[in-house]
């Protein structure tokens, strides 16, 4: 997955990027559906990344960059985001039914608690190991 972005600011080894346009191959952004790259648009937010060092010149505001995320990284991130909460939800409900077979309220409460625990686990995991990406200075061809 590729997105063309523009550097908004650079400071303290970090660069703030905003998406210029949605990828041409994807219609989800135009339809307002579930594309992760639509969060990079100026109206909805920005992406902060480590500023690349080296090369002929440093990164400057206004520069065009290409952010590319491999398909495997997208799938890994989606699995880490969705599977732990789902597993927590199911494990909580199964545990409640095994311990208190006639209490539906307990199954609901333990299911929600498992969902929250799984969400916290996946959030911490993705913050510790975010998806890897490639940042290339220059416009996409």
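Per-residue answers, yes or no, for (1) modelled with pLDDT of 90 or more; (2) farther than 30 Å from residue 15 by Cβ; (3) surrounded by 14 or more Cβ atoms within 10 Å (Cβ to Cβ); (4) outside the structural domain of residue 9 (by TED's automatic domain parsing):
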position: 34; (1), (2), (3), (4): no, no, no, no
position: 47; (1), (2), (3), (4): no, no, yes, no
position: 89; (1), (2), (3), (4): yes, yes, yes, yes
position: 94; (1), (2), (3), (4): yes, yes, yes, yes
position: 97; (1), (2), (3), (4): no, yes, yes, yes
position: 104; (1), (2), (3), (4): no, yes, no, yes
position: 116; (1), (2), (3), (4): yes, yes, yes, yes
position: 135; (1), (2), (3), (4): no, no, yes, yes
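From 57, 38, which residue is part of a loop (DSSP other than H, G, I, E, B), at pLDDT below 70, under 20 Å from residue 4 (Cβ atoms) and not assigned by TED's automatic domain parsing to the domain that holds residue 123?
One residue alone meets the criteria, 57.
The values are calculated or read from the model by the stated rules, or taken from the named source; none is laboratory data. Just so it is clear, the structure is predicted and the values come from calculations on it, not from any experiment. Counting neighbours? That spans all protein chains shown, and the Cβs are built from the backbone with ideal geometry, glycine included.
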